[in-house]
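First comes the structure, then the notes that go with it.
The values are calculated or read from the model by the stated rules, or taken from the named source; none is laboratory data. Computed from a prediction, not measured in an experiment: that's the story for all the values here. All Cβ positions, even for glycine, are placed from backbone atoms using ideal geometry, and neighbour counts span all protein chains on display.
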Amino acid sequence: QVTVMGLVDTYAGSMRNAGDANSRASVNSGGLTTSWIGFKGTEDLGGGLKANFLLTSFFQADTGVQGRFPGDTMWSRDAVVGLSGGFGSISFGRELAPHFLPTILFNPFGDSYTFSPLNLHNDVPLFNASGWSNSVAGDTGWSNSIRYTTPDFGGLKANLHYQLGEQAGKTGVNNIGANALYFNGPLALTAYYNTVEVNNPLNTAGSSVGFGASRQKAWMFGGSYDLKAAKLFATYGQTSHNVDLDDKTLSLGATVPMGAGKIMAAWAQTKREGTVIGADQTRKTASVGYDYDMSKRTDLYAVYMNDRITGTNNGNSFGVGIRHRF
Amino acid sequence: QVTVMGLVDTYAGSMRNAGDANSRASVNSGGLTTSWIGFKGTEDLGGGLKANFLLTSFFQADTGVQGRFPGDTMWSRDAVVGLSGGFGSISFGRELAPHFLPTILFNPFGDSYTFSPLNLHNDVPLFNASGWSNSVAGDTGWSNSIRYTTPDFGGLKANLHYQLGEQAGKTGVNNIGANALYFNGPLALTAYYNTVEVNNPLNTAGSSVGFGASRQKAWMFGGSYDLKAAKLFATYGQTSHNVDLDDKTLSLGATVPMGAGKIMAAWAQTKREGTVIGADQTRKTASVGYDYDMSKRTDLYAVYMNDRITGTNNGNSFGVGIRHRF
Amino acid sequence: QVTVMGLVDTYAGSMRNAGDANSRASVNSGGLTTSWIGFKGTEDLGGGLKANFLLTSFFQADTGVQGRFPGDTMWSRDAVVGLSGGFGSISFGRELAPHFLPTILFNPFGDSYTFSPLNLHNDVPLFNASGWSNSVAGDTGWSNSIRYTTPDFGGLKANLHYQLGEQAGKTGVNNIGANALYFNGPLALTAYYNTVEVNNPLNTAGSSVGFGASRQKAWMFGGSYDLKAAKLFATYGQTSHNVDLDDKTLSLGATVPMGAGKIMAAWAQTKREGTVIGADQTRKTASVGYDYDMSKRTDLYAVYMNDRITGTNNGNSFGVGIRHRF
């Protein structure tokens, strides 16, 4: 059987990132989670072996636009088929990049690409006066890829990701990466490393992975600890390129249960250095919000964010929204 | 649970609108209703409160093209999440424009954007020698919007619609409107009013809402009465702009039950005046057809239409089709 | 009720068609069947009459791209509504071209547009130094069409296809075709004929159907015989144009059951002659593979292919993949 599933997240607010000249009063999509719809299924092949598929599509719930940005593919969230069993799982197609789970599971705003400071620094370019481009190359999903996931070893799991560059006569141009995730009671730890030479969701042969570089290396460590009264989060990561440019990103955060919901607070700082950009840049972003659970599937939220980048306008944003899973 | 639903409507015919140089023999989509597919779901939150989502997409069943026209968005029919309860309902995202329900519920051809004279005048531009552009600006759906629907007061319901223009530093550019719908036995009445400054489904900052104007005001009254032997329909509406241009649209129609179906007849006249277009224009369109119900979900139809605009070729169209709801 | 269904087929391999300068290491979609997802439903209208719809969409499971190629429509696989009963069935919209079933049912690699020599010659243009364009014009699906399918007469069925060109004032520009399919125990036979003047999925008025021609005629005969130890396949077909160009295509193949799967071997040769291309061209393609059924819904496959065209590089390709139906 096929399961139809997805999530609609829409918020109203006043948005201004660092570098924006003005605020923009908006009804937007994806305050806490990027809206999506999709299909999945599993077939039992016997002997503990299963065949699985997953086909999911992002959309913008404010305008009905398909995808996250112009040029995004229809099934960019996942387009994958594979096998799972005692050996772990192997899958083929378009799926999560190595840095995705370590990033979203180790910050208080989860998979928010609107209000999570860490996600904003890593994955969201700003098309404004700040000229900020995302720290981590290669998108949150990798096309043309093969992924192997280990079995769970006492709370520890690892993923190996390999994306073929698909350039005729150049088998050496690829993306490769790995991550590890460890969950044990209140403690969780993560790490990832990857080398990116190919853009996503669609690559053009010979194109840069950012700043004129043809290769980026990135890694990050992260941890969280649940004290019950509060859950604490921290990550530290770096990127480097085959041109002179390095990013160092530190993020800290906490969630505090309150009523039928939780307070969320997060801060991230990215220092960008290298002759490619001239003077050093620092971006500091802080968000604080409250997420109220109406049910397991539906929550209401309110978030305030302050965003600063060296040498450009500060921005303050505020949004109130509803997220509904189906 | 998610419900998958939609409608496929395809017809074969010879089509010629006013201003077309020739007839076009065609297999087309959407003779009586624009074809669409989508997903909906409702979650009971307790205390009479519900969370709802609706995600629906137009398509052209003759070619498989997504959307109603080039540039239409994937989920342009509805992309909405909201809450409903004793207070009525509130929703966010992309959804019906204020003039949609008053227009389609008060003419004999319903939501036909091919054969309903009223809908053709209001919403369908003709890209031919007539140069006819739709009377009512802002599309049949509004993006980036918030809608509040009142509870039902003895057959009376009202909708308030507000679309944010989302222009940085210009919070004053928006769409706003309201409609009312009253149903009581054989009698039904409606009215709407709206001001449109923003195009849909996607707006470009500073673009015209038609005829070089940056703002259009539109209103309409309508009524229907079911005499059993026939149901009668009438509407009257006007549009005005912040340039010298006004449209006045009168529509009259009737449906007459016959056999397992009904005869449909409708006529609309739009008078367009203003220095912007030079000489006054009048468009007169009349359609007559028969709609045969094979079941509650599937019907067959045949429609003849005559379309005239001052100073250009007349057009006669004829189509025979099938509409299937799922 | 609506059924959600589809297929994900992804393979990893090294691909090089005739005329390619180099091999390309790839994770690609559609090794044995083009990946797709869609929706169908049937309504019982009583008296043996049914209303049916089918709405299906191709996608590329490696990147998540919608469609088979740039410019493909969202629902290009099928976008159809119709009626079926004792009279056979009639349907309207976008659906199979006349040559589709005779071609895919009478070669060992079925509906593979990656590894079936017959399908490659007929339907897949090569955008490389070979300049090879598909032999059969008009795509594997026809838009704006009406199809009538006869009842089954002792194993024999026929389909009549008519696609309106939809050119204003030119009712004579159309596609028209028919096929017949006969199944009787181990023996199966087929034939098709069509005249194509209109491209798909979207036509531009006055465009060529290939090689500067405005009309192509194509026909093919095919047969298969199941000896149990092996199943044999053969087809022979020709295309001609209203310019001086003719293709003659012969294909031979066999499948041999082995273990929980089958060996597949196929060969096709197309001779292309005419003043339009100058010197004659011959393309010869051979594929051999093994398809292992993990279940009725999921199979694994490995295929090797050699592809040659007069006067250009040979190409050898190899792929290993998984196909999962849902």
Restricted to region A:76-96 and to residues being within 14 Å of A:Asn52 (Cβ to Cβ) and hydroxyl-bearing (Ser, Thr, Tyr), the residue nearest to the other protein chains (Cβ to nearest Cβ) is A:Ser91
Heads up, the strands (runs of 3 or more DSSP E) in region B:256-326 (entirely inside) with at least 3 residues that are basic (Lys, Arg) are B:261-273
Residues of region C:1-30 being outside any strand (DSSP E or B), more than 23 Å from the chain's Cα centre (by Cα) and not β-branched (Val, Ile, Thr), in sequence order, are C:Gln1, C:Ala21, C:Asn22, C:Ser23
On the basis of being of a type in the set (Gly, Ala, Ser), at negative phi and touching a Pro at 6+ places or on another chain (Cβ under 9 Å), does A:Gly315 make the cut?
no
Filtering region A:267-326 down to residues that are within 14 Å of chain B (Cβ to nearest Cβ), farther than 14 Å from A:Asn17 by Cβ and buried (at least 21 other Cβ atoms within 10 Å of the Cβ) yields A:Thr298, A:Asp299, A:Tyr301, A:Gly321, A:Ile322, A:Arg323, A:His324, A:Phe326
Would you check if C:Ala213 is in a strand (DSSP E or B), more than 30 Å from C:Asn22 (Cα to Cα) and among the hydrophobic types (A, V, I, L, M, F, W, C)?
-> no
For region A:1-46, the count of residues that are buried (at least 17 other Cβ atoms within 10 Å of the Cβ), within 19 Å of B:Val2 (Cβ to Cβ) and of a type in the set (S, T, N, Q) equals 5
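Being over 27 Å from C:Thr249 (Cα atoms), within 11 Å of chain A (Cβ to nearest Cβ) and either in contact (Cβ under 8 Å) with a residue 60 or more places away in the chain or among the acidic types (Asp, Glu) (or both): is that true of C:Thr3 here?
Values: over 27 Å from C:Thr249 (Cα atoms): yes; within 11 Å of chain A (Cβ to nearest Cβ): yes; either in contact (Cβ under 8 Å) with a residue 60 or more places away in the chain or among the acidic types (Asp, Glu) (or both): no.
Considered against the rule, which asks whether it is over 27 Å from C:Thr249 (Cα atoms), within 11 Å of chain A (Cβ to nearest Cβ) and either in contact (Cβ under 8 Å) with a residue 60 or more places away in the chain or among the acidic types (Asp, Glu) (or both), C:Thr3 comes out as no.
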Note: among B:Thr42, B:Thr63, B:Thr73, just one is polar (S, T, N, Q), at the interface with another protein chain (Cβ under 7 Å from one of its Cβ atoms), out of contact with any Phe, Trp or Tyr (no Cβ under 7 Å at 6 or more places or on another chain) and free of Cβ contacts under 8 Å to residues at least 60 places away in the same chain, namely B:Thr63
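Does C:Phe58 meet the test of being buried (at least 22 other Cβ atoms within 10 Å of the Cβ) and outside any loop (DSSP other than H, G, I, E, B)? Give the derivation first.
Numbers: buried (at least 22 other Cβ atoms within 10 Å of the Cβ): yes; outside any loop (DSSP other than H, G, I, E, B): yes.
Yes, satisfied.
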Pairing a residue in region B:13-33 that is under 18 Å from C:Arg94 (Cβ atoms) and at the interface with chain C (Cβ under 7 Å from one of its Cβ atoms) with any residue that is surrounded by fewer than 24 Cβ atoms within 10 Å (Cβ to Cβ) and among the basic types (Lys, Arg), where Cβ atoms lie under 7 Å and the two sit 6 or more apart in sequence or on different chains, gives B:Arg24/B:Arg16
Output for Cβ contacts, cut-off 6 Å, separation at least six or different chains, first residue among the acidic types (Asp, Glu) in region A:306-317, second modelled with pLDDT of 95 or more and crowded, with 19+ Cβ neighbours inside 10 Å, reads A:Asp307/A:Asn17; A:Asp307/A:Ala18; A:Asp307/A:Thr285; A:Asp307/A:Gly315
The correct count of residues that are among the basic types (Lys, Arg), free of Cβ contacts under 8 Å to residues at least 40 places away in the same chain and under 17 Å from A:Leu118 (Cα atoms) in region A:193-236 is 0
